[in-house]
Amino acid sequence: MTSVLAVSDLRKTFGGITAVDSVSFEVRDGEILGIIGPNGSGKSTLFNCVLGQLRPTAGEVRIDGKPTTGMRPCDLNRLGVSRTFQLLQVFPQLSVRDNLILAGQEHQGSMASRLFGRSDAGLGGAAEKMIEFFRLSHLADEQAGSLSYGQQKLLDAAMAFMAGPRLVLLDEPAGGVNLTMLGSLRERLQAYHAERKATFVVIEHQMEFVMALCTRVLVLAEGRIIAEGAPHDIRRNPLVIEAYLGH
Amino acid sequence: MTRMGAIIVGLAAIAAIAAPFFLKPFGIFLISTWAVLTIAAIGLNLTLGYAGQISLAQGAFVGIGAYTVALLTPLGVPFFIAFFAAGLLCFAVGWLLGYPALRVQHHYLAFVTLAFTTLVFLVLRNEEWLTNGIYGITGTPRPTLLGWKTTAARDFYFLCLGVLAVLSFAIWWMLRSPWGRAFVALRENPIRALSLGLDTRRYTLMAFAIGSSLGGLSGALHAPLVQFIEPNSFALGLSFNLLLMVIVGGSGYFFGPFVGALIAVLLPEWLRITQGYYLLLYAAAIMVLMAFCPSGVLGLVERARIALVGRRKEPATSTLAEGAGP
């Protein structure tokens, strides 16, 4: 099976603290990989290193076999790697529709052609579809900042999918979302996954969410991978239980 | 734009065309100053209001533009060549000034651009061989365009107004293109923008370069308008004044600079009867406005409209009227 993302021996230190310590893993085409671990175990740092927000101290990242270590986030995004952030990241003053068009427009043509081309960069239809897919139609023209937290979370996820990415990294998509919204978010993610055959990596605390969504789970503690396997095995793994319940 | 908005803009345009027929020469000079300063303020509104990059250097670019024209035209360079040269030069210098903005933001960036303004002032004052120093340059001629002489005050005003109209349209076009959305994204959340494939570095430099080139084009009209330029006109005071125009008018509103420049040009004249107190009153009025409505006069208008007609039904598809907010 081909690996979409391959991380080998990745390390990231901040001063004397090692946040990510020689982590290696692969993400296979079409899977939904969950990454769990207690607070401070290095999950988000790992994401940020993979996505170019942080430069890793050592190690290598490959996307589709191509080395991408140290590439800028915007260039990675144009290679088809997309992400959401732990904290909400929508553009509050733009409408829901404009948020989505923005999320796709840099993939259309060149900078010069976008200046002279259509205002919606030819993405009006695609944005409309995405709005329907995430059931935000009644909110399409509202400013994103006026939406409820859960609705903004949906928009946030929708934006990550707008450019038809090959790999999506979701950082705590369920954080702070109420149970009803959580169900619909999970269901929409699964539907998207089934429809587009996209590959996901999900960081999450909410165990039920991970168990229901992911096909494989990695467990991170103190910057290292301590377990890997199918969701139901992970749940019973004594190392994992210890890492979560403390020493 | 709403229909109401279109009507207001249409009426304002008619007023701007009719005004010089009812004004004395000094009045025409004032509205010409308004048109020229509005161009510079539109540039700053792009950099600051849309792309969120604070700059205290816009006055310096007006200076660079003015000196470019004042130095080139005596050499026999046609005005319109000098005019575009001023814009291009400021585009290039603005691009370079954008580099610090890639590293520092907010008040640190304000200090960097402030230092640049001081630097330009010192060059204009001290490099006498080029700029004639504190004695300045007089008598930059007003151009003749396809046989149309713009020497008379009213004709030159129409030239300024025409340039303002053309540049406004160009900026409007840019802001309604995907670039406008990208600039707003840069202002609101550069990290997220970067993760969505926006080359934030290039857009930041572009915002600086285009904003600065408008400053230069404004200066290129300033020299033949005033017919006397000297370094002090382009010192920090002008940069602050332009910043004030953008913020008072409504930063991030397309028509903010038009309103802000009008207030900045007319209010001191209207308050002249109060003699020495006018700056005091002007300052007080601005403090009150900023305390109660940081989004400027157009923010105030928007608030009033929402209070009167309720929330807009109009789709919020345009990035032109969003406003930067507080």
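The values are calculated or read from the model by the stated rules, or taken from the named source; none is laboratory data. Just so it is clear, the model here is predicted, and its values are computed rather than measured. So basically every Cβ, Gly included, is an ideal-geometry build from the backbone, and we count neighbours across all protein chains shown.
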Condition test on B:Ala66, is it surrounded by 15 or more Cβ atoms within 10 Å (Cβ to Cβ) and in contact with a strand residue (DSSP E or B) (Cβ under 7 Å, 6 or more places away or on another chain)? yes
All but one of (1) in a strand (DSSP E or B); (2) surrounded by fewer than 16 Cβ atoms within 10 Å (Cβ to Cβ); (3) not polar (S, T, N, Q) hold for A:Val201; state the number of the condition that does not hold. (2)
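Residue-wise test of (1) free of Cβ contacts under 8 Å to residues at least 12 places away in the same chain; (2) outside any loop (DSSP other than H, G, I, E, B); (3) closer than 17 Å to A:Leu167 by Cα.
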site: A:Arg188; (1), (2), (3): no, yes, yes
site: A:Tyr192; (1), (2), (3): no, yes, yes
site: A:Glu195; (1), (2), (3): yes, yes, yes
site: A:Leu220; (1), (2), (3): no, yes, no
site: A:Ile226; (1), (2), (3): no, yes, no
site: A:Arg235; (1), (2), (3): no, yes, no
site: A:Leu239; (1), (2), (3): no, yes, no
Just checking, does the range A:68-80 include any residue being over 30 Å from A:Asp233 (Cα atoms), touching a helix residue (DSSP H, G or I) at 6+ places or on another chain (Cβ under 7 Å), more than 9 Å from every other protein chain (Cβ to nearest Cβ) and outside any helix (DSSP H, G or I)? yes
Quick check: is even one residue across the range A:52-65 touching a Gly at 6+ places or on another chain (Cβ under 9 Å), at the interface with another protein chain (Cβ under 8 Å from one of its Cβ atoms) and touching a residue at least 24 places away in the same chain (Cβ under 8 Å)? no
Residue list for the range A:94-120, filter: more than 8 Å from chain B (Cβ to nearest Cβ), in a helix (DSSP H, G or I) and surrounded by fewer than 16 Cβ atoms within 10 Å (Cβ to Cβ): A:Ala112, A:Ser113
Can you pull out the residues in the range A:53-67 that are assigned to a strand (DSSP E or B) and surrounded by fewer than 20 Cβ atoms within 10 Å (Cβ to Cβ)? A:Ala58, A:Gly59, A:Glu60, A:Arg62, A:Lys66, A:Pro67
Filter the range A:121-146 down to residues that are within 13 Å of chain B (Cβ to nearest Cβ), assigned to a loop (DSSP other than H, G, I, E, B) and surrounded by fewer than 20 Cβ atoms within 10 Å (Cβ to Cβ) and give me whichever is nearest to the chain's Cα centre (by Cα). A:Ala140
Considering only the range A:83-93, I want to know if a residue exists there that is away from chain B (no Cβ under 14 Å) and over 30 Å from A:Ser119 (Cα atoms). no
Filtering helices (runs of 4 or more DSSP H) wholly in the range B:163-261 for at least 2 residues that are surrounded by 24 or more Cβ atoms within 10 Å (Cβ to Cβ), away from every other protein chain (no Cβ under 14 Å) and at pLDDT 95 or above gives B:200-226, B:236-249
